[in-house]
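Visitor: Pasting in a structure now, in structure tokens, and then I'll have a few things to ask.
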Amino acid sequence: MDQLTSAAPPERRPDDFDYEAALEACARGERFALKALYERESRWLLAVILRIVRDREQAEDVLQEAFMQVWQRAGSFQRELGSGRGWIYTVARHRALDEVRKVRHEVSLGDDFQAVAEAVAAPQAEDLPHDEAALAHCLAQLDDPKRQCVIDAYVEGYTHDQIAARLSKPIGTVKSWIRRGLLALKECLS
């Protein structure tokens, strides 16, 4: 049976962690699974959230709220729709974006450019220019569908499925546009 159903979490190698089983254990109310997820991912999730909200104290609050959502909504996770780790990061990212939208009802164009620049630059952020004029120029070079998909994904926080539904396009097309758009932006900015 599943290793996470025992009374205590088993010792596991870092590359052997089963996020999906941990989420399923959370859905059954097994608190040690949430603790294991928190211990494993909290520092990385905090960094993601901090890049969005740009305030450490607020990021820590959002992190706690995100893990509460993971706990409460773990039953809605479905293995066949994606990875458990990806689902957790999506919950945290959306929680952070919701917090930013709550605090700032309107995101400025400069913030849009910064969010896209961060997405394009990761993980070598110091290697790429982040000035708004350069990014605006590079975004203008993209055709409309690619530009809109990149902004929807990395600024607005929409999932690939949501973007595909909004544009009435197949998911594979949307994923290709986002990938090609990010590659084109990275090349243009380098």
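The values are calculated or read from the model by the stated rules, or taken from the named source; none is laboratory data. Quick caveat, the model's predicted, so the values are computed rather than measured. As a convention, Cβ positions derive from the backbone with ideal geometry for all residues, glycine included, and neighbour counts pool all protein chains shown.
Visitor: Tell me which residues, restricted to the stretch 166-183, are surrounded by fewer than 19 Cβ atoms within 10 Å (Cβ to Cβ) and under 20 Å from LEU97 (Cα atoms). Lay out the reasoning, then the answer.
Guide: In the first step, residues of the stretch 166-183 are kept if they are surrounded by fewer than 19 Cβ atoms within 10 Å (Cβ to Cβ); the result is 166-173, 175-176, 179-180, 183.
Within the stretch 166-183, ARG166 is the sole residue that qualifies.
Visitor: Does the stretch 133-183 hold any residues that are within 24 Å of ILE49 (Cα to Cα), among the polar types (S, T, N, Q) and free of Cβ contacts under 8 Å to residues at least 40 places away in the same chain, and which are they?
Guide: Selection gives GLN148, GLN162.
Visitor: So which residues in the stretch 1-43 are surrounded by fewer than 16 Cβ atoms within 10 Å (Cβ to Cβ), at pLDDT below 90 and in a helix (DSSP H, G or I)?
Guide: Hits for the stretch 1-43 are GLN3, THR5, PRO14, ASP15, ASP16.
Visitor: Name every residue in the stretch 44-83 that is of a type in the set (Phe, Trp, Tyr), surrounded by 15 or more Cβ atoms within 10 Å (Cβ to Cβ) and under 23 Å from ALA153 (Cα atoms), in order of residue number. Walk me through it before giving the result.
Guide: Residues of the stretch 44-83 of a type in the set (Phe, Trp, Tyr): 44, 67, 71, 77.
Those left that are additionally surrounded by 15 or more Cβ atoms within 10 Å (Cβ to Cβ): 67, 71, 77.
Residues satisfying the conditions are PHE67, PHE77.
Visitor: Continuing with the same structure: If TYR158 satisfies all but one of (1) exposed (fewer than 15 other Cβ atoms within 10 Å of the Cβ); (2) within 19 Å of GLY86 (Cα to Cα); (3) not acidic (Asp, Glu), what's the number of the condition it fails?
Guide: The one condition TYR158 does not meet is (1).
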